[in-house]
Amino acid sequence: MSPRLPTSSAKEVIRALERGGFKNSHQKGSHVYFWNSEKNLLTSVPMHSGDLGRGLLKAIIKQAGFSEEEFRKLL
């Protein structure tokens, strides 16, 4: 069984997505959208204070096409 995902802020998640090849596409309200042209995937990150919940973090990882292990390495 893999270890639990660490709690992460929106800024940490954004940095990890950028390391994984995502570029800032646009922002709508408090959500920033990231596009990866190689994977042809779009994912959004809510820019709220504090850490993102684990369920939301898992959803972002899935949308971005990463496994939890791959994402952990990008953090």
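Nothing in this text is a laboratory measurement; each read-out follows from the coordinates by a stated rule. These figures come from a predicted structure and were not determined experimentally. Backbone-built Cβ (ideal geometry, glycine too); neighbour counts: all protein chains shown.
Mean separation of Cα pairs under 8 Å and 6 or more residues apart, divided by the residue count, gives the chain a relative contact order of 34 percent.
Approximating the spin labels as points 7 Å out from Cα along Cα→Cβ, the residue 48-to-residue 68 distance works out to 2.1 nm.
Express in nm, to one decimal, how much length is gained between residue 37 and residue 5 on full extension, taking 0.36 nm for each residue of separation and deducting their alpha carbon distance.
Stretched out fully, the residue 37 to residue 5 stretch lengthens by 8.9 nm.
One quarter of the convex hull surface built on the alpha carbon atoms of the chain amounts to 4.6 nm², the projected area averaged over directions. Label separation (residue 23 vs residue 75): 2.8 nm, computed from points 7 Å beyond Cα along the C-beta direction. Around the amide H of residue 41, modelled in the peptide plane, lie the amide H atoms of 36, all under 5 Å away and 5 or more residues distant in sequence or on another chain.
Computed from phi, the 3J(HN,Hα) profile of the range 12-22 under the Karplus parametrisation 6.51, -1.76, 1.60 (θ = phi - 60°) reads 5, 5, 4, 4, 5, 4, 5, 5, x, x, 8 Hz, with x in place of Gly and Pro.
Residue by residue, the range 3-10 carries 3J(HN,Hα) couplings of x, 5, 5, x, 5, 9, 7, 4 Hz when phi is fed to the Karplus relation 6.51 cos²θ - 1.76 cosθ + 1.60 (θ = phi - 60°); x denotes Gly or Pro. Amide H contacts under 5 Å for residue 52: 8, 9, 10, restricted to partners 5 or more places along the chain or on a different chain, H placed in the peptide plane at 1.01 Å from N.
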